[in-house]
Amino acid sequence: MENLLFSQSDVADPFTMYRRHLLDQPVAWDEANRIWAVYRHADCKRLLQSEAAHIPALNPDSERQLGATARLVAGRLARLANPPSHAGFRQVLMRLFEQLRPPAVAGLLNELLGDAARVDWVDAVCTRLPLLAVLKGFGFAGGDIERLLPLGARLTQVMLPNKSPQQLADVDEVIDAVYPVVDRHLRSCSGLLVPEDDEETRAVLNANLIGMLIQSVDAGRGLLANVLLQAMRQAEAPARLDAAQWRAWVTETLRFDPPIHNTRRVLTEDMQIGGSLLRRGDTVLLVLAAANRDPAMFERPDEFDPRRAGNETHLAFGDGMHRCAARHFAEALAAEAMAALFAGYRVRLEEREIAYAPLVNARLVQKIMVEVERIQDDAREYCTVTVPLKS
């Protein structure tokens, strides 16, 4: 019996398996893990849009061991919420996005790269730039940014469904450090005024800004890494791309090589999917990376083609009520970062062998060593372009 759950670090090309399932077994049952896997675009989209397909709850035994502040944050994240509470949390999240201002990404990139001639793109840029852009975009003071930026990777442990005792302790410690900084800052934002006695709305605001920081570390890191890899692997000279073309490259990267490969749902009612009856209470693995290469949806799905019509219908950001609220911000951030990089630097990829983190749901590159040479102003052929961070 095939194991449909695997570590991305152990598989050279998961798309080979995805392709086979799309052709022969688009809805599959994994007996060992007691989980359904769904591969087709139409089936994944239907489940993403269904209110009967819920986000799985975090392990209650694990969550009960968290401290009060960490439990407050985990329990109010729109990303993890289901109806009926999700709608209210999502509304607060969108209020937050209204306050987010586009930072000067080219300047941030230059600051992160510094004068280094050789860098690990993942460590130097991917793990820092998205989080830095969100903090700058919300107007956090320099001292607060210095305090929060090193805590990004530790924050992501909030999302782990089953936390070890050490992880529980670390989550408590990092949330206790981050929460008061976020709370103090949001209280100073004139666009987010909340009555003093409305402690619940204040808690939801704080929790979901922390959620945005978490999302920027995980998904933002993966997107910036994968866009660079596609830029270096394709024949077209990336320095000649304009702003609109870079945005198209980012969109196609999300379809062709998304950082998040799958997500899970738990059914609250029976559903017929692809000729199979899935029962209430069943857990379903939605293989979004496979859906993004479904030949029923995309012509030549295994070719990287930024000019292909319909690439934007990918499911890398999900769909339905949990569709990623940061999708436009993330796409524009990656596009502007690439435009600034290739306009301001000569870039060479040192090695072709890429290692991935040992994760089931995400295919995250661990290291990308590149040589970077700053282009002097008098030798610059192409100007840095700016892509608006909202659309």
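Of the residues in region 247-293, how many are on the phi > 0 side of the Ramachandran plot and touching a Leu at 6+ places or on another chain (Cβ under 6 Å)?
Residues in region 247-293 being on the phi > 0 side of the Ramachandran plot and touching a Leu at 6+ places or on another chain (Cβ under 6 Å): 0 in total.
If you take the residues of region 64-108 that are in a loop (DSSP other than H, G, I, E, B) and touching an Asp or Glu at 6+ places or on another chain (Cβ under 7 Å), which of them is farthest from residue 125 (Cα to Cα)?
Taking region 64-108 and keeping what is in a loop (DSSP other than H, G, I, E, B), we get 64-67, 75-77, 81-84, 100-104.
From what is left, the residues that are touching an Asp or Glu at 6+ places or on another chain (Cβ under 7 Å) are 66-67, 83.
Working: 66: 31, 67: 32, 83: 37 Å.
Selected residue: 83.
Is at least one residue of region 140-151 in a helix (DSSP H, G or I), closer than 30 Å to residue 360 by Cβ and of a type in the set (Asp, Glu)?
no
Suppose the filter is farther than 23 Å from residue 326 by Cβ, touching a residue at least 40 places away in the same chain (Cβ under 8 Å), surrounded by 18 or more Cβ atoms within 10 Å (Cβ to Cβ) and more than 20 Å from the chain's Cα centre (by Cα); does residue 192 pass it?
Here the answer is no, as residue 192 does not meet what is asked.
For region 1-57, what are the residues that are buried (at least 19 other Cβ atoms within 10 Å of the Cβ) and assigned to a loop (DSSP other than H, G, I, E, B)?
Those that are buried (at least 19 other Cβ atoms within 10 Å of the Cβ) and assigned to a loop (DSSP other than H, G, I, E, B): 4, 26, 39, 40.
With touching a residue at least 12 places away in the same chain (Cβ under 8 Å), under 23 Å from residue 77 (Cβ atoms) and charged (D, E, K, R) as the only criterion, which of 240, 247, 264, 279 stands out?
On the way: 240 fails: under 23 Å from residue 77 (Cβ atoms); 247 fails: under 23 Å from residue 77 (Cβ atoms); 279 fails: under 23 Å from residue 77 (Cβ atoms).
Residue meeting the stated conditions: 264.
Quick one: residue 106 ticks every box in (1) closer than 25 Å to residue 216 by Cα; (2) among the small types (Gly, Ala, Ser); (3) surrounded by fewer than 14 Cβ atoms within 10 Å (Cβ to Cβ) bar one, so which box is it?
If we test residue 106 against (1) closer than 25 Å to residue 216 by Cα; (2) among the small types (Gly, Ala, Ser); (3) surrounded by fewer than 14 Cβ atoms within 10 Å (Cβ to Cβ), just (3) comes out false.
Just the residues that are surrounded by 15 or more Cβ atoms within 10 Å (Cβ to Cβ), among the polar types (S, T, N, Q) and in contact (Cβ under 8 Å) with a residue 12 or more places away in the chain, please, taken from region 130-179.
Result: 156, 157.
Within the group 329, 298, which residue is closer than 26 Å to residue 8 by Cβ, modelled with pLDDT under 95 and among the aromatic types (Phe, Trp, Tyr)?
After applying the criteria, what remains is 329.
Within region 33-66, work out how many residues are more than 22 Å from residue 360 (Cα to Cα), at pLDDT 95 or above and in contact with a helix residue (DSSP H, G or I) (Cβ under 6 Å, 6 or more places away or on another chain).
1
The values are calculated or read from the model by the stated rules, or taken from the named source; none is laboratory data. Since we're looking at a predicted model, the values are computed, not measured. FYI the Cβ positions are ideal-geometry reconstructions off the backbone, even for glycines, and counts take in every protein chain you see.
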